[in-house]
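Colleague: Mind looking over this structure? Questions follow.
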Amino acid sequence: MLFPRIITAALALGVMQTTQCLADPPKVIIDTDFNTMGDDGQVGAMAAQLYAQGTIDLLGFTIPSGNQWRDQEVVDCLKAVERMGIEKRVEVYVGANYPLLHDYRAYLYEQQLLGKPIDYVGAYATPQPSPNQLVPPPDGFAKHTVPAKLNAVDFIIQSIHRYPNQVSILAIAPLTNIALAMRKDPTIIPLIKQIVFMGGQVYAAGNAFNDAGEFNWWFDPEAAQVVLRANVPKVIVPLDCTNTVPLTKATYLQIVNHQPKTIVTELYKLTFAPFFGSAPPPYTPYIYDTLALAFLVNPKFATDTRTIWLDIDDLTPSTNTTFGADYGKSMPYTSDPYPSIGLLTPSTVVFAVDTDAFLKFYVNLLTLPVPVDF
């Protein structure tokens, strides 16, 4: 889609502004199912650079199971904050190991009912590892960084009370931690500035289990429903948007061929080289969560936003189970489907971004010096 030159110029200015120090940068908690240099790991590296620049005030990382089992994600995130040089300023908070209901045994039962998965299942690809089975990141375990003493749920609650109406949550994981915080202390709900999600699908196909739902929300649909029905400003970047920004070979080469090289560009190469070798790639790689970070930093990246009421597919069992074929699928409505009880508030849903502007932002942050320069 083409846009008037004046809009393009404004977007370009917005990208420049994201690299400048702000007098009062937005306070951000990143709730992430972390990995070393997949989309969550990229967000970690990019957020560290934005924090060092003064563009955001990064309060902490909170970790639930999702892409991997929680303890492996914690290991990877601890190394990431140490690698980026922010470990003395930003802590890693251990969150929920299991979803509210959809735990590993429930997932096995889901398989029994619906058949083997045909798409991504994250941590559930294997049973939970024991502590001695945790795998070091390619550049080794963290040498001196340990998890915060406070758990993730209490950290979210305390941060929001400490900074009422100032904290944005970047929700790029299953929503277990956030739902538990809302249930434990509902008084935080009106005090959350906004939640920016990478999650859900509106009209696009899903990418989890049987292609019905998006992975983050399929992994813990009950938690997603709790958070979606909370009276909080919500911005959702669903698969409908992220599917429009695949990782191309040109973007990959910009990052891995950048000079001077850094540990981030080397880890990026290690992660994505299999997609851009001589053999056809196994599937198209996407950079999902980074789009949600970009919107949080600069909403001008979005070129198509719509107001939609989003809920999770009815979880009430129609037979003897909640695990129907649409389990975890998000359902769009043009108006509140439950006006008599007011369970839902509408969401701002992002369907498209200025891809060129976003990729400049993306490549720049992933090729800056490491450790970060405050």
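Just so you know, all these numbers are worked out from the coordinates, no wet-lab data involved. Quick caveat, the model's predicted, so the values are computed rather than measured. Because the Cβ atoms are built from the backbone with ideal geometry, glycine has one as well, and the counts that use them run over all protein chains shown.
Colleague: Using only Cα atoms, what is the ratio of the radius of gyration of region 264-374 to 2.2 N^0.38 Å?
Modeller: Rounded to two decimals, the normalised Rg is 1.51.
Colleague: Using the Cα centre of the chain as the reference point, and only Cβ charges (+1 on K/R, -1 on D/E), how large is the resulting charge dipole? Debye, rounded to the nearest 20.
Modeller: Using Cβ point charges on Lys, Arg, Asp and Glu, the chain gives about 720 debye.
Colleague: Given a cut-off of 26 Å, what percent of all Cα-Cα pairs of the chain lie beyond it?
Modeller: Tail of P(r) above 26 Å: 49 percent of Cα pairs.
Colleague: For region 169-175, take each phi angle, set θ = phi - 60°, evaluate the Karplus expression 6.51 cos²θ - 1.76 cosθ + 1.60, and give the result in whole Hz per residue in order, putting x for glycine and proline.
Modeller: Whole-Hz 3J(HN,Hα) from phi for region 169-175: 9, 8, 9, 10, 9, x, 8.
Colleague: Right, another one. Return the long-range amide H neighbours of Thr62 (sequence gap of 5 or more, or a different chain), with a cut-off of under 5 Å between placed amide H atoms.
Modeller: Here Ile30, Asp31, Thr32, Tyr93 satisfy the definition.
Colleague: I'd like the Karplus ³J(HN,Hα) series for region 24-31: coefficients 6.51, -1.76, 1.60, θ = phi - 60°, whole numbers in Hz, and an x wherever there's a Gly or Pro.
Modeller: Per-residue couplings from phi come out as 9, x, x, 7, 9, 9, 9, 9 Hz.
Colleague: Using the structure shown, list the pairs from Lys193/Lys300; Lys249/Lys300; Lys79/Lys360; Lys149/Lys234; Lys193/Lys329; Lys269/Lys300 with a Cα-Cα distance above 21 Å, or answer none.
Modeller: Those over the limit are Lys249/Lys300; Lys79/Lys360; Lys149/Lys234; Lys193/Lys329; Lys269/Lys300.
Colleague: Using 0.36 nm per residue, how much length does the chain from Ile189 to Tyr283 gain when fully extended, once their Cα-Cα distance is taken away?
Modeller: Full extension from Ile189 to Tyr283 adds 29.9 nm.
Colleague: Along the Cα-to-C-beta direction of Ile118, a point sits 7 Å from the Cα; which residues of region 258-292 have their amide N less than 20 Å from that point?
Modeller: Answer for this model: 282-285.
Colleague: At a Förster radius of 45 Å, what calculated FRET efficiency corresponds to the Cβ-Cβ distance of Thr307 and Leu253, to the nearest 0.05?
Modeller: Result of the calculation: an efficiency of 0.70.
Colleague: Output wanted: per-residue J couplings in Hz (rounded whole) for region 347-354, from phi through Karplus 6.51 cos²θ - 1.76 cosθ + 1.60, θ = phi - 60°, x for Gly and Pro.
Modeller: 3J(HN,Hα) across region 347-354, in whole Hz: 10, 8, 10, 8, 9, 7, 10, 6.
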